[in-house]
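Structure first, commentary second.
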Amino acid sequence: MLLRSLSQLNYRNLLSPRLELAEGINVIVGNNAAGKSNVLEAAYLACTGDLPGGKISEVLRLGEVEGFVGARIKRIDGISNIDIGLTPGKKIIRLDGQTARALDIAKVSAAVLITPEDADLIHGSPSLRRHYLDSLLAKLSRRYALLHREYNRVVEQRNALLKGRAGELSLSIWSAKFVELGNEIMAMRLRAIKRIAEIANTSYAEIADDGKCLGISLHSGLAASNLQEKLQATAHEEQARGVTVVGPHRDDLVLELDGYSIQAYGSRGEARTASLALRVAEYRLLQEKHRETPVLLLDDFSSELDANRREYLLDLAANTPQAVVSGTEPPPRCDQRFSVSGGLVSAF
Amino acid sequence: MKYPSALIQLIRELGKLPGVGPKSAQRLAFHLFNLPEEEVRELAQAILNAKNSLKQCKLCYNITDTELCSICTDHQRNHELICVVEQPADLLAIERSGEYDGLYHVLHGSLSPMNGIGPDQLTIAALFERLQGFDQNTGEVILATATTVEGEATAMYLARLLTDIGITTSRIAYGLPVGGDLEYADEVTLGRAITNRRKL
Ligand SMILES: Nc1ncnc2c1ncn2[C@@H]1O[C@H](COP(=O)(O)OP(=O)(O)OP(=O)(O)O)[C@@H](O)[C@H]1O
Ligand SMILES: [Mg+2]
Ligand SMILES: [Zn+2]
């Protein structure tokens, strides 16, 4: 898959309305605060409809209330134009001129963004890891995307019921729906984690060469085996707190090296390598699904000081049809070079 | 320049209508302003007339201009079949499919705790009152609430109560997309959904 052009209006500090990208390695060079990460973030948003972490109000240029990002994607079987209108709190997605949802974009376009902040995937809060899993699964399976949205809705409804005076019948209905959807979500997650773990373990070994084995599993805090039992076990707590305290929305991904939790015991470097391995798994699974490589977006490769990881990243970029790589200095190989300064991007 | 207050008020009222954003509200307001007075008067009159003459059917809560709606008073229809829908628009969608000749019951919403909508906010009590004269052996209730989580929960809720009093209950199921609203399902899908309803 190729990101042919990226357009934007009022996206953070960016000033250039349009960027034509080449096949191979596109390099974006600039000083600190020039706007490199902003270009890659805008590209990721335009290719996927997904805004990693941020709120829309934050990505709109200060003082503006409307903005836009757009991507022209070339696949083997055709070209798609994605337009995303941005207003505080709302994205308006159009796919080839038709109103669409983020899950419609996942059918025609895919991108993976690798940034220095990825280490937070390991050391940050469980919600970051759940988001990694959920957003990847939603892109791999439309069914998961729909089920997950329904599940979240049921949790919201159920929580509202727990906060008020719930009739017993009403609560049992929402609990049944919760268990039904929760079980499906869990089953799909477990299948995906198995695949993610296989790929991540292989790439961990390729990068680190320390002979350690990377394991990934899902932890749900409670020993009970099924969701129905867990719900019963926490009935008192949820009535007291007015929220659903068990279920897929509380589960966490646990990453281990030779059986020891990286979150608890790992070094900073091991965490970075493990998070990179998760991104590689994302890249490979999307590639498998589309039978085409996703657009690879590598932010700030020059901040990567570890020789193994740096070499691995550049290898990844060199062996994919198209990558966009940013840094304060250019990497050894470069097919199309841009320089950024004060939000202005110019082809070299 | 600030808009005159009468204009601001008109834009605000129009903007409260479903599907009308601030920009369309403004466009509509200017459009109305440019219309001849007679046409504006007719529109206002039509709105008031509709509001004054329309009410909910005493039996099924469909919108009607008589005590009982034309469906409830139609003796050609099967009075032992009641199809429960969320909105009058859903009733119309099923009527368009032409596959159904029973009666309806309009709930005017679906269970949604986060919006403060419980069983008492819907016409559920009226449904069960209606079912008191129902023949358990031949009668059937079809649950045609939306396939959204709220619609599903409402159907499950009703199904439990209906089974308790021994009434045959089925749920339309066939070919509806996950998370779909009935109103937007096409007629073929809907016709098939009704024909292939499953027993609950
Ligand atoms: N919503 C916004 N409106 C205006 N400017 C913004 C907005 N959000 C971020 N910026 C500006 O964008 C600049 C940061 O850009 P970016 O993070 O892309 O830099 P960078 O080139 O990646 O730098 P580094 O090398 O330090 O990672 C900052 O100067 C910041 O103030
Ligand atoms: Mg940066
Ligand atoms: Zn009626």
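Looking for something within 14 Å of chain B (Cβ to nearest Cβ), surrounded by 20 or more Cβ atoms within 10 Å (Cβ to Cβ) and not acidic (Asp, Glu) - is there at least one such residue anywhere in the stretch A:122-143?
Within the stretch A:122-143, the first condition is being within 14 Å of chain B (Cβ to nearest Cβ), and the residues that meet it are A:138, A:141-143.
Filter once more, keeping what is surrounded by 20 or more Cβ atoms within 10 Å (Cβ to Cβ): A:138.
Those left that are additionally not acidic (Asp, Glu): A:138.
Scanning the stretch A:122-143, I find at least one residue that is within 14 Å of chain B (Cβ to nearest Cβ), surrounded by 20 or more Cβ atoms within 10 Å (Cβ to Cβ) and not acidic (Asp, Glu), so the answer is yes.
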Could you please tell me which pairs satisfy a Cβ distance under 6 Å, a separation of 6+ or placement on different chains, a first residue in the stretch A:19-40 that is away from ligand 3 (no atom under 16 Å from the Cβ), and a second residue that is of a type in the set (A, V, I, L, M) and in a loop (DSSP other than H, G, I, E, B)? A:Gly35/A:Leu14; A:Asn38/A:Leu14
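How many of the residues making up the stretch A:164-179 are part of a helix (DSSP H, G or I), facing chain B (nearest Cβ under 9 Å) and of a type outside the set (Phe, Trp, Tyr)?
Of the stretch A:164-179, the ones part of a helix (DSSP H, G or I) are A:168-179.
From the residues that got through so far, the ones that are facing chain B (nearest Cβ under 9 Å) too are A:169-170, A:172-174, A:176-177.
Filter once more, so that each one left must be of a type outside the set (Phe, Trp, Tyr): A:169-170, A:172-173, A:176-177.
Of the residues in the stretch A:164-179, 6 are part of a helix (DSSP H, G or I), facing chain B (nearest Cβ under 9 Å) and of a type outside the set (Phe, Trp, Tyr).
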Residue under evaluation B:Ala125, criteria (1) more than 12 Å from chain A (Cβ to nearest Cβ); (2) surrounded by 19 or more Cβ atoms within 10 Å (Cβ to Cβ), criterion not met: (2)
Scan A:Leu276, A:Leu286 and give me the residue that is surrounded by 21 or more Cβ atoms within 10 Å (Cβ to Cβ) and under 17 Å from A:Ser109 (Cα atoms). A:Leu286
A:Val154 vs (1) open to solvent by 40 Å² or more (accessible area, probe 1.4 Å); (2) facing another protein chain (nearest Cβ under 8 Å): all pass except (1)
Of the residues in the stretch B:136-161, those that are in contact (Cβ under 8 Å) with a residue 60 or more places away in the chain and more than 18 Å from the chain's Cα centre (by Cα) number 1
Step by step: first the residues of the stretch A:181-192, then only those that are open to solvent by 10 Å² or more (accessible area, probe 1.4 Å) and touching a helix residue (DSSP H, G or I) at 6+ places or on another chain (Cβ under 9 Å), then the one that is nearest to the other protein chains (Cβ to nearest Cβ). Which residue is that? A:Glu184
Flag if A:Leu14 is surrounded by 20 or more Cβ atoms within 10 Å (Cβ to Cβ), near ligand 1 (Cβ under 10 Å from one of its atoms), in a loop (DSSP other than H, G, I, E, B) and not small (Gly, Ala, Ser): yes
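Which residues, taken from the stretch A:261-272, are open to solvent by 10 Å² or more (accessible area, probe 1.4 Å) and either under 14 Å from A:Tyr204 (Cβ atoms) or touching a Pro at 6+ places or on another chain (Cβ under 6 Å) (or both)?
As a first pass, look at the stretch A:261-272 and keep what is open to solvent by 10 Å² or more (accessible area, probe 1.4 Å): A:261, A:263-270, A:272.
A:Gly266, A:Ser267, A:Gly269, A:Glu270, A:Arg272 - these are the residues of the stretch A:261-272 that are open to solvent by 10 Å² or more (accessible area, probe 1.4 Å) and either under 14 Å from A:Tyr204 (Cβ atoms) or touching a Pro at 6+ places or on another chain (Cβ under 6 Å) (or both).
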Among residues belonging to the stretch A:50-96 that are under 19 Å from A:Leu19 (Cβ atoms) and not in a strand (DSSP E or B), point out the one that is most open to solvent (accessible area, probe 1.4 Å). A:Arg61
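Let's see how each residue does on (1) of a type in the set (Phe, Trp, Tyr); (2) within 16 Å of ligand 2 (Cβ to nearest atom):
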| residue | (1), (2) |
| --- | --- |
| A:Tyr265 | yes, no |
| A:Arg268 | no, no |
| A:Leu276 | no, no |
| A:Leu298 | no, yes |
| A:Ala307 | no, no |
| A:Thr320 | no, no |
| A:Gln336 | no, no |
| A:Gly343 | no, yes |
For B:His105, work out the one condition from (1) of a type outside the set (Val, Ile, Thr); (2) under 21 Å from A:Gln157 (Cα atoms); (3) more than 10 Å from chain A (Cβ to nearest Cβ) it doesn't fulfil. (2)
If we scan the stretch B:31-52, do we find a residue that is of a type outside the set (Ser, Thr, Tyr), under 30 Å from B:Gly102 (Cα atoms) and open to solvent by less than 80 Å² (accessible area, probe 1.4 Å)? yes
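Matching residues to (1) within 14 Å of chain B (Cβ to nearest Cβ); (2) at pLDDT 95 or above; (3) within 16 Å of ligand 2 (Cβ to nearest atom):
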residue: A:Leu15; (1), (2), (3): no, yes, no
residue: A:Gly30; (1), (2), (3): no, yes, yes
residue: A:Thr48; (1), (2), (3): no, yes, no
residue: A:Arg61; (1), (2), (3): no, yes, no
residue: A:Lys90; (1), (2), (3): yes, no, no
Do you know which of the residues in the stretch B:89-122 that are within 16 Å of ligand 3 (Cβ to nearest atom) and surrounded by fewer than 19 Cβ atoms within 10 Å (Cβ to Cβ) is nearest to B:Cys57 (Cα to Cα)? B:His108
Confirm whether A:Leu255 is crowded, with 16+ Cβ neighbours inside 10 Å, at pLDDT below 95 and either assigned to a helix (DSSP H, G or I) or not hydroxyl-bearing (Ser, Thr, Tyr) (or both). no
Taking the conditions exactly as written (touching a residue at least 60 places away in the same chain (Cβ under 8 Å), farther than 30 Å from A:Ser267 by Cα and not in a strand (DSSP E or B)), does A:Lys139 satisfy them or not? yes
State which residue is least open to solvent (accessible area, probe 1.4 Å) when the search covers only the stretch A:303-340 and only residues that are of a type in the set (Gly, Ala, Ser) and either closer than 19 Å to A:Ala274 by Cα or within 16 Å of ligand 3 (Cβ to nearest atom) (or both). A:Ala317
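The values are calculated or read from the model by the stated rules, or taken from the named source; none is laboratory data. These numbers were taken from a predicted model, which means no experiment stands behind them. Reconstructed Cβ throughout: ideal geometry from the backbone, glycine too, with neighbour counts over all protein chains shown. All accessible areas refer to the heavy atoms of the entire protein, side chains included, with ligands and DNA or RNA removed. Shrake-Rupley method; radii C 1.70, N 1.55, O 1.52, S 1.80 Å.
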